Amino acid sequence: MTPTRVFASLGMSLDGYVAGPHARPGNPLGDGGARIHQWVYGVEAWRRRQGMAGGETSRSGLVVAENFDRAGAYVMGRRMFDEGEVAWPDPPPFRAPVFVLTTTARDPWVRQGGTVFTYVTDGIEAALDLARGVAGDKDVQISGGAHTVRQYLNAGLLDELEIHLAPLLLGDGIRLFDGVDPDLRLEVDRVVDAPDVTHLRYRVVR
C-alpha cells in the first residue's frame, strides 16, 4: 500500500494572496477573492462535485479531478468551515470524512454522499491522525484556510503544496506564507499551465 501523503491545494494571486480582505461568513473569500478561483468555476470536474451540470474538460480539469480522487479525508480550520457551512450543497463536495479544527466541541454533522464533519479540539496532530486513520489507501488534504495550512507547514506535517496561481493582483488580503518558517524548502514536482491559471505542485523537503 502506498503511504498516505498529506497535501494542500490553494488558489493564489500573483501578489501572494489566497483571500481578499474582510473574509467572513457571507463573504468567504474576502473582497475580490473569488477572482482567484475564476478559472475553476467552468471546469466540469468541479461543477460535478457541486451538483452542477456542464462544464469544460481541460488540463485544469484533470488537476481538479485528480485532487478530488486522491483525497480520502480532509482537515480544515474552523474559520473555513464557518464560511462554507452555509454555502456548501448537500451532498457537500468532499464525499469523504472532514475533520474540523476547533476549540468548541460539537456532535458530528452527517451529510449526504459520505461527508461527515467531525470536530477536533486536540490540535492539528490529533486531527491528522484521525484523517489518516480513515483515508485508507488515499491521501489527506489540508483544505485551509491559510492559517491551518501554515500550521501544518511549520509543524513539518505537509508533504506536498499545490498552488493554483491566477494571473491577477489583489493588493490586500490574506497571504499564505506570512508567518511560515523561512527555512521551509520546496522542490518543484509538477507544473501544469493553462491560459487562466498555472498549477504549481511542490514537494516539501525535510
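Here are some residues: Gly84, Gly33, Gly11. Which one is touching a helix residue (DSSP H, G or I) at 6+ places or on another chain (Cβ under 8 Å), on the phi < 0 side of the Ramachandran plot and in contact (Cβ under 8 Å) with a residue 40 or more places away in the chain? Write out each step before concluding.
Details: Gly84 fails: touching a helix residue (DSSP H, G or I) at 6+ places or on another chain (Cβ under 8 Å); Gly33 fails: touching a helix residue (DSSP H, G or I) at 6+ places or on another chain (Cβ under 8 Å).
Among Gly84, Gly33, Gly11, only Gly11 is touching a helix residue (DSSP H, G or I) at 6+ places or on another chain (Cβ under 8 Å), on the phi < 0 side of the Ramachandran plot and in contact (Cβ under 8 Å) with a residue 40 or more places away in the chain.
Could you pull out every one of the strands (runs of 3 or more DSSP E) wholly within the range 130-197 that has 3 or more residues that are modelled with pLDDT of 95 or more and more than 18 Å from Val18 (Cβ to Cβ)?
185-194
Could you check Gly113 against (1) buried (at least 20 other Cβ atoms within 10 Å of the Cβ); (2) under 26 Å from Ser60 (Cβ atoms) and say which number it fails?
(1)
Considering only residues that are out of contact with any strand residue (DSSP E or B) (no Cβ under 7 Å at 6 or more places or on another chain) and touching a residue at least 24 places away in the same chain (Cβ under 8 Å), which ones fall in the range 179-195?
Within the range 179-195, Gly179, Val180, Asp181, Leu184, Asp193, Ala194 qualify.
Report whether or not Thr118 is modelled with pLDDT of 95 or more, touching a Gly at 6+ places or on another chain (Cβ under 9 Å) and of a type in the set (Ser, Thr, Tyr).
Considered against the rule, which asks whether it is modelled with pLDDT of 95 or more, touching a Gly at 6+ places or on another chain (Cβ under 9 Å) and of a type in the set (Ser, Thr, Tyr), Thr118 comes out as no.
If the Cβ limit is 8 Å and pairs must be 6+ apart or interchain, which residue in the range 158-177 that is under 23 Å from Val43 (Cβ atoms) pairs with which residue that is among the small types (Gly, Ala, Ser) and surrounded by fewer than 18 Cβ atoms within 10 Å (Cβ to Cβ)?
So the pair list comes out as Leu176/Gly16.
Hey, among the residues in the range 96-129 that are in a helix (DSSP H, G or I) and within 16 Å of the chain's Cα centre (by Cα), which one's nearest to Val6 (Cα to Cα)?
Among those residues, the one meeting the criterion is Leu128.
The values are calculated or read from the model by the stated rules, or taken from the named source; none is laboratory data. Because the structure is predicted, anything quoted here is derived from the model rather than measured. Virtual Cβ from ideal backbone geometry, glycine too; neighbours counted across all protein chains shown.
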